Amino acid sequence: MQTRRSHNKSRRGCLECKRRRVKCDETRPQCSNCARRHMTCDYGTSSLVWKDWKEEKTSPQSDSKTPSQDHKDDIFVTLERWTASQGAEPMPVTEVNVVDLELMMHWCNSAYVVLARNEATAWVWRQLVPQEAFSHRFLLWGILSVAALHLSYFRPAEHQSIYLKKAAFHQNRALTLFRESLESVGSWNGKAVFAFSSLVAVYAFGSLHNQEMSDPIQDIYQILVLIRGTNQIVARVSQTLLESDFAPLLQVNEYRNEIPADTKAAIARLHALNDSLQEGPESHKAHRGAIDDLEEMFVLFHGGATSMTPSGKWAIRLSPLYLEYLQERRSFSLVILAHYCVLLHCLRRHWCIAPWPTRVAKAIWNMLDLQHRESIQWAMDRIFDGSGLA
C-alpha cells in the first residue's frame, strides 16, 4: 500500500489553505492555491505576521530573502488585510493627474484673487468655493479652467498652448454639466451655480488674451450679454446665498468717494451729448441709464472697489435696448462704450481685463467719424496715457 508523501508542516500557511487542509506554498501576498482559485489570500492576524517574521530571523532553514525584505513584505500583507477588513473593493488603476493638481493649487494660491474684493470674499473664493466644487463637478472643472487660463499668461510661449487647451477642455466639460444643473436650481446647488457664473465672466474676459480679436466690439458685446445673462441666473439663488457661508459675495460694501474732476467732466459731456441727439425718449432713457451706471462704477472704483466688480456690475445693469443699439453699432452707444473702456483701463491690473481697453478703444476709434471721435478724445487720452494710438 502506497503511503502519502510526507511534508514539513508549517504554521505560516494562509487561512484559506488551512480551511481546505491543503499545503500552502506561503507565497506572499497571494499563495499559488489562492491565485489559481481566485480566492482572497489571508495570512491571519497581524500579531502572527510579526511573530512569523521574528521566527524567520532565527530559523536555520530560511530562504535567500534577507530578514529586512521579509519585514517589508509582511508590512504590505498587513496593510492589504486592513483595507480588506474595511470593505475595500478592487478599483481600476488610474494615475494622478498632476496637471490638474497643479491647477487647483494655483487657484488656491493666487488665481482666486481676481474675484476677491476683500478678506471676507477672499476666504470664500480660496477656501469655500473649492470645497463646494467637490460636490459639483461643473464648478470643479470651472475652477481648473480659469486656473489653467491664468497660468497660460505666465508660462513660456512654447508651453502656453498646453494650458490653453487644458482651459478649453475643462470649460467645455463644465458648461455641459452647468446647463443640466440649470434645469433644477435650488438650495442644494445654488452656491455652485453662483460661483460658476462668476467664473464664466472671468473666462470670457481672459480667453482671448493670446490672439488678435477679429472684431473686438462684437467680442466685448458678447461678454456684456453673457454677464448680464448670468446675473439673471444668480437672482434665482440670491436668497439661498445670503443665508449661507457664501453671503459675503453678495454683501457689497458701499464705496463712496469723489471721482476725479476730469472723469466728472467727461460724464457731464456724455449727458449733454445725449440731450442733444433728439433720438426719441426710449433711446434717451437707455443711454442715460448706461451713463449714470458708468458714473457709479467710477465712484466704486475710486472708493476702493478695485476687483472686477465694477466691470461686471455695469454689464448687469445695462438695459436690453442699449445692448441692441450697441449691436447695431450706433455711434453714441459706441461713444459710451469707449468711456467704459476707461473703467477697464483702471482695472487693467487684472490679467483677464488687461488687453481689452486698448483693443476695443482702437476698434471704436476706427469706426467713428471725425465728429464722434472728438467725443471720445478724453477716453483715448486716458487709455493711451496721452500718447495717441501709435
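FYI, it's all coordinate maths here, none of it is from the lab. Because the structure is a prediction, the values reported are computed rather than measured. In this analysis, Cβ positions are derived from the backbone assuming ideal geometry, glycine residues included, and neighbour counts consider all displayed protein chains.
Report, in listed order, any pair from 166/362; 191/285; 264/285 with a Cα-Cα distance greater than 29 Å.
166/362; 191/285
What's the ranking of 117-127, 349-359 by average number of surrounding C-beta atoms within 10 Å, highest first?
So the order, starting with the most tightly packed, is 349-359, 117-127.
For region 146-188 and region 281-327, what is the separation of their C-alpha centers, rounded to whole Å?
28 Å
Kirkwood hydrodynamic radius of region 107-219 from all distinct Cα pairs, in Å?
14.6 Å
Output the peptides 283-291, 199-207 sorted from most to least packed, where packing is the average of other Cβ atoms within 10 Å over each peptide's residues.
So the order, starting with the most tightly packed, is 199-207, 283-291.
Points 7 angstrom from Cα along the Cβ direction at residue 250 and residue 331: gap in nanometres?
Between residue 250 and residue 331, the simple spin-label model gives 4.4 nm.
Over all Cα pairs of region 261-383, how is the pair count split among 5 Å bins, expressed in % and running from 0 up to the last occupied bin?
Calculated P(r), rounded to whole percents: 2, 11, 23, 26, 23, 12, 4, 1.
If you count, for each residue, the other Cβ atoms within 10 Å and average over each peptide, how do 186-197, 258-269 line up from highest to lowest?
Descending packing order for the listed peptides: 186-197, 258-269.
Quick one: length gained pulling residue 243 to residue 214 fully straight, 0.36 nm per residue minus the C-alpha distance?
Here the segment from residue 243 to residue 214 would lengthen by 6.1 nm.
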